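Asker: Pasting a structure below so you can have a look.
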Amino acid sequence: MTDRLQGLSIPEHIAIILDGNGRWAAKHNVPRAQGHRAGCETLEGIVEDCARLGVKYLTVYAFSTENWKRSSEEVGALMQLFRFYMVKLIDIAMKNDIRVKMIGDLSRFDPDIRAGVEKLIEKTSDNEGMTFAFAVNYGGRDELRRAVMSMAQDGTDLMNLTEKDISDHLDTGGMPDPDLLIRTSGELRISNFLLWQIAYSEIYVTDTLWPDFHRTELEDALIAYNRRSRRFGGR
């Protein structure tokens, strides 16, 4: 921990909307695929930084249910990146004692990508450090829809439904709600991410594009978080 963070509270669960890869590519006059590759490299560093800082859960929004609307060229490039980084993430996770969890509807992905996800989850399942949840083909509304279907299928008493019932059937079941939600690139919206879970999360928005978000920017977010007074609706 650096001197800037001495004495500060580290959130148990940080969620990040990774935004700005395309704008970073345009700014540097390179293809969008290169922006996504730069974003993946940034993610590697932030995952390791969070693990070393003692964050217990890190959830990142990598590919939304709406991202399929992008050009076939861009979607294809993203699928290739998934294939590459799922393999690389095994090494990163094992080196840092990280357990990896995928959230979202994986059924739309090609069989080899689904197999890669299963291998990644299996290889890291015994790790006891930070849990890293990677949201792909994820949308908050779709997650709620699937949770309701799951409750109906397993016989949950829908007439006496509790908040815990819903939480337990979400993709993040078993994880605490995020304490801090970070959004890069300056956009002031949550973009269908963790709609149920971020009800009382502190939100931090930075103009920094995701590929330029490094340890210093993470520390800025943590310092800002520590200046907040969290009352959860109370006084």
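Every read-out reported here was derived from the displayed coordinates using simple, explicitly stated rules and does not represent laboratory data. What you see is a predicted model, and the numbers here were worked out from it, not measured in a lab. Methodologically, a virtual Cβ is constructed for each residue, glycine included, from the backbone with ideal geometry; neighbour enumeration extends over all protein chains shown.
Asker: Quick check: anything in region 188-206 assigned to a helix (DSSP H, G or I) and polar (S, T, N, Q)? Walk me through how you get there before you give the answer.
Answerer: Initial filter on region 188-206 (assigned to a helix (DSSP H, G or I)): none.
So far as region 188-206 goes, no, none of its residues is assigned to a helix (DSSP H, G or I) and polar (S, T, N, Q).
Every residue, every condition in (1) in contact with a His (Cβ under 8 Å, 6 or more places away or on another chain); (2) without any contact (Cβ under 8 Å) to a residue 24 or more places away in the chain; (3) loosely packed, with under 14 Cβ neighbours inside 10 Å; (4) on the phi < 0 side of the Ramachandran plot, yes or no:
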site: 169; (1), (2), (3), (4): no, yes, no, yes
site: 174; (1), (2), (3), (4): no, yes, yes, no
site: 179; (1), (2), (3), (4): yes, no, no, yes
site: 213; (1), (2), (3), (4): no, no, no, yes
site: 218; (1), (2), (3), (4): no, no, no, yes
site: 225; (1), (2), (3), (4): no, no, no, yes
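Asker: If you don't mind, another one. Across region 1-42, what is the number of residues that are without any contact (Cβ under 8 Å) to a residue 60 or more places away in the chain and under 19 Å from residue 183 (Cα atoms)? It would help to see each step written out before you state the result.
Answerer: Taking region 1-42 as the starting set, the residues that turn out to be without any contact (Cβ under 8 Å) to a residue 60 or more places away in the chain are 1, 3, 6-7, 22, 25-26, 28-34, 36-37, 40.
Applying the additional criterion that residues be under 19 Å from residue 183 (Cα atoms) yields 22, 25, 36-37, 40.
So the answer is 5.
Asker: Go through region 1-41 and give me each residue that's part of a helix (DSSP H, G or I), charged (D, E, K, R) and within 24 Å of residue 132 (Cβ to Cβ).
Answerer: Kept after step one, since they are part of a helix (DSSP H, G or I), are these residues of region 1-41: 3-5, 21-27, 32-41.
Now restrict to residues that are charged (D, E, K, R): 3-4, 23, 27, 32, 37, 41.
Within region 1-41, 4, 37, 41 meet the criteria.
Asker: Next up: Whether any residue in region 138-145 is surrounded by 13 or more Cβ atoms within 10 Å (Cβ to Cβ), within 14 Å of the chain's Cα centre (by Cα), over 25 Å from residue 232 (Cα atoms) and not aliphatic (A, V, I, L, M) is what I want to check.
Answerer: Looking for residues that are surrounded by 13 or more Cβ atoms within 10 Å (Cβ to Cβ), within 14 Å of the chain's Cα centre (by Cα), over 25 Å from residue 232 (Cα atoms) and not aliphatic (A, V, I, L, M), one finds at least one in region 138-145, hence yes.
Asker: With the requirement that a residue be touching a helix residue (DSSP H, G or I) at 6+ places or on another chain (Cβ under 7 Å) and assigned to a loop (DSSP other than H, G, I, E, B), what does region 113-134 give you? Explain how you work it out, then say what you get.
Answerer: Pass one, region 113-134, residues touching a helix residue (DSSP H, G or I) at 6+ places or on another chain (Cβ under 7 Å): 113-114, 116-117, 120, 123-124, 127, 129-130, 132.
Answer for region 113-134, where residues must be touching a helix residue (DSSP H, G or I) at 6+ places or on another chain (Cβ under 7 Å) and assigned to a loop (DSSP other than H, G, I, E, B): 127, 129, 130.
Asker: Another question about this same structure. Residues of region 189-211 being surrounded by fewer than 18 Cβ atoms within 10 Å (Cβ to Cβ) and not hydrophobic (A, V, I, L, M, F, W, C), which ones?
Answerer: Selection gives 189, 191, 192, 200, 207.
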